[in-house]
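Enquirer: Quick one: the structure is below, questions incoming.
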Amino acid sequence: MEGKVGHRMSDAETGAGTAADRDTWLRNLRRVDEQQEDALADDFDARWGEVEPTHQAFVERFLSRLPPGGRVLDAACGTGKYFAMVLASGRRLLGVDHAGAYLAKAATKFPGVPTDKHDLQELPYRDEFDGVLCVDAMEFVPPEDWPAVLGRLGRALRSGGWLYLTVELAPTERVRAGNQAARNLGLPVVDGEVVWDGPDGYYHHYPNVPRVRAWLADAGFAIEEEAEGPWHEGQYAYHHLLARLAAPPG
């Protein structure tokens with residue numbers, strides 16, 4: 001998996017023993033993920049800093065649809081993996097992540113790009129951007145938070161703005177087995193959720209693509225382009241979605 005992994009989560013961190021309290025478990029997972037991401041900041045670029053061809057092609061298509069000089073929100077920007085592409089296109093940029101160590105790395109590499117620290121669930125922006133990138137990040141968002149996150153991404157956009165979103169995929173049987181293993185530990189997971197183990201424990205959520213399409217439609221997005229893959233040794237892939245925010249009714 002390309003999932004960004006940190007330390008192995010203990011029973012206390014994952015919520016074993018408090019399985020009935022899913023809300024508390026999910027809130028704690030956010031902080032655990034933040035700690036994992038912070039721990040990876042020094043190694044991130046060496047391990048995951050190369051932009052894959054399909055990602056690059058979709059970012060280029062996304063940027064081509066934005067007005068010259070338009071403004072882009074890179075939501076879950078990490079260490080600024082896509083900053084150079086956005087800046088080279090002549091667009092302005094704000095990078096947002098919940099991991100402060102990632103933002104510090106991004107600021108060192110791109111000192112002229114402003115950054116903010118927020119969870120995706122708490123993005124505060126409204127009608128400020130012509131385009132939003134949310135790449136290789138939604139796998140850390142539980143199903144009940146997807147509508148809220150997509151709603152916040154939509155509110156951040158001006159009417160007619162564009163979204164490039166990726167959805168991580170894994171083989172169905174592998175996800176089912178991982179989900180059952182988490183249930184056997186007493187974790188309050190629902191279908192599609194896995195806490196991968198050995199040597200590092202980390203949460204991923206794998207919604208099916210039709211459900212993602214429905215969530216996007218409910219948030220006011222119309223999908224213009226999508227593509228799946230490539231698969232990496234049969235273990236994981238990404239579904240790429242380029243969508244436009246519909247004009248408000250009336």
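Enquirer: Consider the stretch 196-205. How many of its residues are surrounded by 17 or more Cβ atoms within 10 Å (Cβ to Cβ) and part of a loop (DSSP other than H, G, I, E, B)?
Expert: 1
Enquirer: Where in the stretch 25-114 are the helices (runs of 4 or more DSSP H), entirely inside, with at least 2 residues that are open to solvent by less than 60 Å² (accessible area, probe 1.4 Å) and within 22 Å of V167 (Cα to Cα)?
Expert: 53-64, 83-88
Enquirer: What are the residue pairs meeting all of these: first residue in the stretch 100-126, first residue within 18 Å of A41 (Cα to Cα), second residue at pLDDT 95 or above and of a type in the set (K, R), Cβ atoms under 8 Å, and 6 or more apart or on different chains?
Expert: G100/K117; L103/K117
Enquirer: Going by the conditions given, is L63 over 17 Å from the mean Cα position of the chain (by Cα), over 15 Å from T115 (Cβ atoms) and modelled with pLDDT of 95 or more?
Expert: So L63 fits the description; yes.
Enquirer: Please work out which residue is farthest from the chain's Cα centre (by Cα), limiting yourself to the stretch 1-49 and to residues that are of a type in the set (V, I, T) and modelled with pLDDT under 90.
Expert: T18
Yes/no per residue for (1) part of a strand (DSSP E or B); (2) out of contact with any Asp or Glu (no Cβ under 9 Å at 6 or more places or on another chain); (3) under 30 Å from Y82 (Cβ atoms); (4) open to solvent by 20 Å² or more (accessible area, probe 1.4 Å):
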| site | (1), (2), (3), (4) |
| --- | --- |
| G161 | yes, no, yes, no |
| Y164 | yes, yes, yes, no |
| V167 | yes, no, yes, no |
| V175 | no, no, yes, no |
| G178 | no, no, yes, no |
| A182 | no, no, no, no |
| V189 | no, yes, no, no |
| V194 | yes, yes, yes, no |
| P210 | no, yes, yes, yes |
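Enquirer: Please state which of the following conditions A222 fails to meet, knowing it meets all the rest: (1) more than 23 Å from V132 (Cβ to Cβ); (2) open to solvent by 20 Å² or more (accessible area, probe 1.4 Å).
Expert: It fails just one condition, (1).
Enquirer: Which condition number in (1) within 18 Å of G220 (Cα to Cα); (2) in contact with a Pro (Cβ under 7 Å, 6 or more places away or on another chain) is the one that Y125 fails?
Expert: Checking Y125 against (1) within 18 Å of G220 (Cα to Cα); (2) in contact with a Pro (Cβ under 7 Å, 6 or more places away or on another chain), the one that fails is (2).
Enquirer: Any idea how many residues of the stretch 225-244 are loosely packed, with under 13 Cβ neighbours inside 10 Å and under 17 Å from the mean Cα position of the chain (by Cα)?
Expert: Qualifying residue count for the region: 1.
Enquirer: Filter the stretch 136-159 down to the residues that are open to solvent by 20 Å² or more (accessible area, probe 1.4 Å) and not in a helix (DSSP H, G or I) and list them by number.
Expert: R158, S159
The values are calculated or read from the model by the stated rules, or taken from the named source; none is laboratory data. These figures come from a predicted structure and were not determined experimentally. Glycine also receives a Cβ, built like all others from the backbone with ideal geometry; neighbour counts cover every protein chain displayed. Accessible surface is based on the protein model in full, side chains and every heavy atom, while ligands, DNA and RNA are left aside. Shrake-Rupley method; radii C 1.70, N 1.55, O 1.52, S 1.80 Å.
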